[in-house]
1. Please give the FRET efficiency for residue B:12 paired with residue A:51, using the beta carbon to beta carbon distance and R0 = 45 Å, rounded to the nearest 0.05.
2. With bins 5 Å wide starting at 0, give me the P(r) of the protein assembly as shown over every alpha carbon pair, in whole percents.
3. Based on Cα coordinates alone, diagonalise the gyration tensor for chain B, multiply each eigenvalue by 5, take square roots, and list the semi-axes in whole Å, largest first.
4. Counting partner chain Cβ atoms within 10 Å of every residue's Cβ in A:42-55, what's the average?
5. What number comes out for the charge environment of residue A:18, summing +1 per Lys or Arg and -1 per Asp or Glu over other residues with Cβ under 14 Å away?
6. Which semi-axes, in whole Å and largest first, does the equivalent ellipsoid of chain A have when worked out from the alpha carbon gyration tensor as the square roots of 5 times its eigenvalues?
7. Compute the accessible area per residue over chain B, keeping the other protein chains in place, probe 1.4 Å, unit Å².
8. Which pairs in the list B:45/B:103; A:57/B:103; A:18/B:103 are over 25 Å apart, alpha-carbon to alpha-carbon?
Amino acid sequence: EAAVTQSPRSKVAVTGGKVTLSCHQTNNHDYMYWYRQDTGHGLRLIHYSYVADSTEKGDIPDGYKASRPSQENFSLILELASLSQTAVYFCASSGHSQNTLYFGAGTRLSVL
Amino acid sequence: QQKVQQSPESLIVPEGGMASLNCTSSDRNVDYFWWYRQHSGKSPKMLMSIFSNGEKEEGRFTVHLNKASLHTSLHIRDSQPSDSALYLCAASDTNAYKVIFGKGTHLHVLP
């Protein structure tokens, strides 16, 4: 089964601080995604990438930056964390636009 | 606005019963649909995909797709308590790499 590893698994951040969430996949997949999930709700797309050194904005990119330095790694950066960014963040990868998304275990972020 | 809409938001069925979940896209460019299942505290896992008009069955799970109306449905027969989860519908088009999810349906199967 495809492997997607997220770190950290949980984080507490202060308002106004910088937060970096990391994602690493060993599946040789071209596509990587960052989603956020608020309690009990669906997934909203923040940023995605289909090739190294290039990222695309999703539906809710404001307040977030993304970085894809290599095929395996995809980071999500919150330059100035805010209370409204408290959520669970999921990274996912897929090998093709028609293929299954494989999700990491998620990062629970609390901004205080 | 949400381009993938799911209904109902919540569904309660008795053990052994049939659960029917619905999903519609408002984006005419959508070509592909998936259904994911997410148990509490876990990450989503793909349950079924459907890309062509018609029906697809895998065990107790059946999905239907009507491309003209951009509507897909998931039916679970002989529902089990272990089926209790959040069911997420996802969609994408052939020319983009964006995969968009709906808000999900919470399914509760009562023993």
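1. Values: r = 45 Å, r/R0 = 0.99.
That pair, residue B:12 with residue A:51, gives E of 0.50.
2. For the protein assembly as shown, the pair-distance distribution reads 1, 7, 15, 19, 19, 16, 12, 7, 3, 1, 0.
3. Numbers: eigenvalues 110, 42, 27 Å².
Result for chain B: semi-axes of 23, 15, 12 Å.
4. Values: counts 16, 11, 4, 4, 0, 0, 4, 1, 3, 1, 0, 0, 0, 0.
Counting other chains' Cβ atoms within 10 Å and averaging over A:42-55 gives 3.
5. On the way: positive: A:11, A:65; negative: A:79.
Every neighbour counted, the sum reads +1.
6. Numbers: eigenvalues 98, 39, 32 Å².
Those come to 22, 14, 13 Å.
7. Details: 5310 Å² over 111 residues.
Per residue, chain B has an accessible area of 48 Å².
8. Working: B:45/B:103 15 Å; A:57/B:103 20 Å; A:18/B:103 28 Å.
Where the Cα-Cα span goes over 25 Å, the pairs concerned are A:18/B:103.
The values are calculated or read from the model by the stated rules, or taken from the named source; none is laboratory data. Source: prediction; values computed, not measured. Every residue, glycine among them, receives a Cβ derived from its backbone with ideal geometry; neighbour counts consider all protein chains shown. Surface areas here come from the heavy atoms of the whole protein model, side chains and all, with no ligands, DNA or RNA. Shrake-Rupley method; radii C 1.70, N 1.55, O 1.52, S 1.80 Å.
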